[in-house]
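Colleague: What follows is a single structure, and I will ask about it in a moment.
The values are calculated or read from the model by the stated rules, or taken from the named source; none is laboratory data. The shown structure was predicted, so the numbers you read here are calculated from the model rather than taken from an experiment. Glycine gets a Cβ as well: all are built from the backbone with ideal geometry, and neighbour counts include every protein chain shown. In case anyone asks, the SASA skips ligands and DNA or RNA and just uses the protein heavy atoms, side chains included. Shrake-Rupley method; radii C 1.70, N 1.55, O 1.52, S 1.80 Å.
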Amino acid sequence: MDKVNTNKVTIYGLTFEQLTAWLEERGHRKFRASQVWDYLYVKRVTDFAEMTEVNPECVQLLADHFVIQTLAEHVKQESKDGTIKFLFRLQDGNLIETVLMRHKFGLSVCVTTQVGCNIGCSFCASGLLKKSRDLSGGEVVEQIMKVQLHLDAAGQGERVSHIVVMGIGEPFDNFTNMVNFIQIVKDQKGLAIAARHITVSTSGLADKIKEFADTDLRVNLAISLHAPNNEIRTRIMKINRAIPIEKLMEAIDYYLERTNRRITLEYIMLKDINDQREHALELAELIGDRRSLANVNLIPYNPVDEHSQYQRPERETIRAFYDTLKKQNVSVSVRLEHGTDIDAACGQLRSKQIKKDQGPVTVG
């Protein structure tokens, strides 16, 4: 198990503009920032001492104020399908999950944005442990870097090509750090991950959806809808009490009008709760004239021991739901599952490990 012993913050938290300004304020010219950025994200060094072409005074200055790595690998699970789930220990002892998934179109990493989650979806393993804090932007970036370094070590020349911000926590509840993270991983001089290959998921914070529309980040947005009406959504997602579907759809309309970008409506399928034909018809009606810019992503439920009241629908039920939406001219897909032979549900590995450790770990 890796160990990280430092209380300095990771330099991964600085955007290129922030790094440039920080160095210039301390008497270093802009090209130094370009050199450091290249060492961090192209050469991918893990120690400032490896920045051999950078002025020694600049290197020492960085080492005095920052550290490169703050996450330590605590547990790693590898699936038969190539999915790898990492459990990382933060400087304060908290644990977070990061997942590498292999697709035909490339390698995708799902990152976590908070320690625990307060949204309170009754079916979700991520919310088993309540939020204790937000992750810094650097801690989110470092998840990508840890996975990329794992790939580098394998020597196959593979690189992270896609990112989904769908791990533990509500990204829009950590808005500024999440936006900084996106700006850092998109930077063409660094990781250069294309905006169209980045997807952010939210449980439906309406005001933040509007704010996100105004950022012009041009990344993809996914909304965790999971129900066609307020009655069901309130039962399974307590956030719907504060932000009912009408308010959420109003924010979605603002986003669509402002960006003209397609959105994904995530719909987790729970047996006998939201998976019937009438629910599919109601969902189609809810989407209405937004059809041209909306895709429904059906997600068969991953059972969690602590939420035994929920079960996965039969395959025939999922197919019937899919077919009903198709007949209503709704764009729809079924999520391809990854890591079903390991702790597949988001937050499941973390919850199990904390119970197993029973140690002096601060949990969310």
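Colleague: Please give the helix 348-357 orientation as an angle from the longest Cα principal axis of the chain, in degrees from 0 to 90, rounded to the nearest 10.
Modeller: 60
Colleague: May I pose another question? Whole number in Å², please: accessible area per residue of the chain, 1.4 Å probe, ligands, DNA and RNA not counted. Before the final figure, lay out each step's value.
Modeller: Working: 16240 Å² over 364 residues.
Averaged over the residues of the chain, the accessible area is 45 Å².
Colleague: Mind checking which lysines have their C-alpha under 17 Å from Lys247, skipping anything on the same chain fewer than 8 residues away?
Modeller: Hits, sequence-local ones excluded: Lys208, Lys210, Lys238.
Colleague: Within straight cross-link reach of Lys80, meaning Cα distance under 14 Å, which aspartates and glutamates are found once same-chain residues fewer than 8 apart are removed?
Modeller: Partners found: Glu337, Asp341, Asp343.
Colleague: Using only the Cα atoms of the stretch 234-297, build the gyration tensor, take square roots of its eigenvalues as a ≥ b ≥ c, and label the shape rounded, prolate or oblate: rounded if a/c is under 1.5, else prolate if a/b is larger than b/c, else oblate.
Modeller: Numbers: a/c = 2.17, a/b = 1.37, b/c = 1.58.
In terms of gyration-tensor shape, oblate.
Colleague: Please report the antiparallel percentage of the DSSP beta bridges confined to the chain, to the nearest 5. Display every interim value, and only then the final one.
Modeller: Values: 20 of 48 bridges.
Roughly 40 percent of the DSSP beta bridges within the chain come out antiparallel.
Colleague: May I pose another question? Which percent, nearest 5, of DSSP beta bridges in the stretch 80-206 are antiparallel?
Modeller: Roughly 65 percent of the DSSP beta bridges within the stretch 80-206 come out antiparallel.
Colleague: So, one more: Which of the three applies to the stretch 37-182, rounded, prolate or oblate, going by the alpha-carbon gyration tensor with a ≥ b ≥ c and a/c under 1.5 meaning rounded?
Modeller: Numbers: a/c = 2.09, a/b = 1.35, b/c = 1.55.
Oblate shape, in that a/c is at least 1.5 and b/c is the bigger or equal ratio.
Colleague: Mind telling me which of Ala227, Ala280, Ala21 comes out most flexible in a GNM of the chain, alpha-carbon contacts under 10 Å?
Modeller: Largest GNM mean-square fluctuation: Ala21.
Colleague: Full extension from Asp214 to Ala63: what is 0.36 nm times the residue separation minus their Cα-Cα distance, to one decimal in nm? Please report the intermediate quantities before stating the final value.
Modeller: Details: separation 151, 0.36 × 151 = 54.36 nm, distance 3.61 nm.
Contour length minus Cα-Cα distance gives 50.8 nm.
Colleague: Tell me, in nm to one decimal, what length is gained between Thr234 and Arg29 on full extension, where the rule is 0.36 nm per residue of separation less the Cα-Cα distance? Let's see the in-between values first.
Modeller: Details: separation 205, 0.36 × 205 = 73.80 nm, distance 5.44 nm.
So the extension gain works out to 68.4 nm.
Colleague: Taking the structure as given and computing Kirkwood radius over Cα pairs in Å, which label from [x] 23.2; [y] 21.5; [z] 20.5 fits?
Modeller: Step by step, Kirkwood radius over Cα pairs in Å for this structure corresponds to label [y].
Colleague: Next question. Can you give the charge dipole size of the stretch 4-160 about its Cα centre, rounded to the nearest 20 debye, using +1 on the beta carbon of Lys and Arg and -1 on the beta carbon of Asp and Glu?
Modeller: Numbers: 18 positive and 19 negative charges, 98 e Å.
Around 460 debye, computed over the stretch 4-160.
Colleague: Treating the angle as unsigned and between 0 and 90°, give the value, to the nearest 10°, between the Cα long axis of helix 56-65 and the longest Cα principal axis of the chain.
Modeller: In the chain, helix 56-65 runs at an angle near 50 degrees to the longest axis.
Colleague: Helix 315-327: angle to the longest alpha-carbon principal axis of the chain, degrees 0 to 90, nearest 10?
Modeller: On a 0 to 90 degree scale, this one is about 80.
Colleague: Next question. Using the crude model of +1 on Lys and Arg Cβ and -1 on Asp and Glu Cβ, and no other charge, please compute the dipole size for the stretch 216-298 relative to its Cα centre, in debye to 20. Each step should come with its number before you reach the end.
Modeller: Details: 13 positive and 13 negative charges, 61 e Å.
Here the stretch 216-298 has a charge dipole of around 300 debye.
Colleague: First compute the accessible area of the stretch 227-276 with a 1.4 Å probe, then give the percent of it belonging to carbon and sulfur atoms.
Modeller: With neighbouring chains kept in place, the figure for the stretch 227-276 is 45 percent.
Colleague: How far is it, in nm, from the label point at Arg44 to the one at Ser292 when both lie 7 Å from their Cα along the line to the Cβ?
Modeller: Each label point is offset 7 Å from its Cα along the Cβ direction, giving 4.2 nm.
Colleague: Right, next: Counting only protein heavy atoms, what percent of the accessible surface of the stretch 109-213 is carbon or sulfur at a 1.4 Å probe?
Modeller: 48
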